[in-house]
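Colleague: First, the structure itself, so that you have it in front of you.
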Amino acid sequence: MRIYKCNWCNNIFWDKPRKYCKDECRKLARESKRKAKSSLTRGGHTLYEYRKFKKEVLKERGCICQKCGVEAKLIHHVKPVSEYPELELVKDNVIVICINCHILCHPELLVKFMKSSLYIMGK
């Protein structure tokens, strides 16, 4: 018979091979991973909350760029989340925008994209 150690509470058990001694430990571990700091957006919301917000905005306003009128699947924060984290999930602070207009709003993204493309191509 082998001895196992619970990855959550460090209890010892020898029942059968698994990561957690009981379902409660498994649920707590899963919940803590969901709320991990790395899974939070810059405004402090979970990625689930942000994606849900984005989906609602796109559904309400349609998938049309509010700057040039072409098909769009991005939202752009008028007031940046880095400066106004409390406005991250405020619908009045976002516009639906296409990738080209988004790059015009953030020219540094184009430079970053170009550098990563050159790196991938091996130049």
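The values are calculated or read from the model by the stated rules, or taken from the named source; none is laboratory data. Since this is a predicted model, take the numbers as computed values, not measurements. With ideal geometry, Cβ positions are generated from the backbone for all residues, glycine too; neighbour counts draw on all protein chains shown.
Colleague: For the condition without any contact (Cβ under 8 Å) to a residue 40 or more places away in the chain, of a type outside the set (A, V, I, L, M, F, W, C) and out of contact with any helix residue (DSSP H, G or I) (no Cβ under 7 Å at 6 or more places or on another chain), what is the one hit in LYS67, LYS16?
Modeller: Being without any contact (Cβ under 8 Å) to a residue 40 or more places away in the chain, of a type outside the set (A, V, I, L, M, F, W, C) and out of contact with any helix residue (DSSP H, G or I) (no Cβ under 7 Å at 6 or more places or on another chain) holds for just one of LYS67, LYS16, which is LYS16.
Colleague: Related question: Is it the case that some residue within the stretch 86-98 is aliphatic (A, V, I, L, M), at pLDDT below 90, assigned to a loop (DSSP other than H, G, I, E, B) and within 20 Å of GLU49 (Cβ to Cβ)?
Modeller: Within the stretch 86-98, not a single residue is aliphatic (A, V, I, L, M), at pLDDT below 90, assigned to a loop (DSSP other than H, G, I, E, B) and within 20 Å of GLU49 (Cβ to Cβ).
Colleague: Is at least one residue of the stretch 42-58 loosely packed, with under 12 Cβ neighbours inside 10 Å and touching a residue at least 24 places away in the same chain (Cβ under 8 Å)?
Modeller: So far as the stretch 42-58 goes, no, none of its residues is loosely packed, with under 12 Cβ neighbours inside 10 Å and touching a residue at least 24 places away in the same chain (Cβ under 8 Å).
Colleague: Residue check: is LYS27 loosely packed, with under 13 Cβ neighbours inside 10 Å, farther than 30 Å from GLU83 by Cα, at pLDDT below 80 and outside the structural domain of GLU83 (by TED's automatic domain parsing)?
Modeller: no
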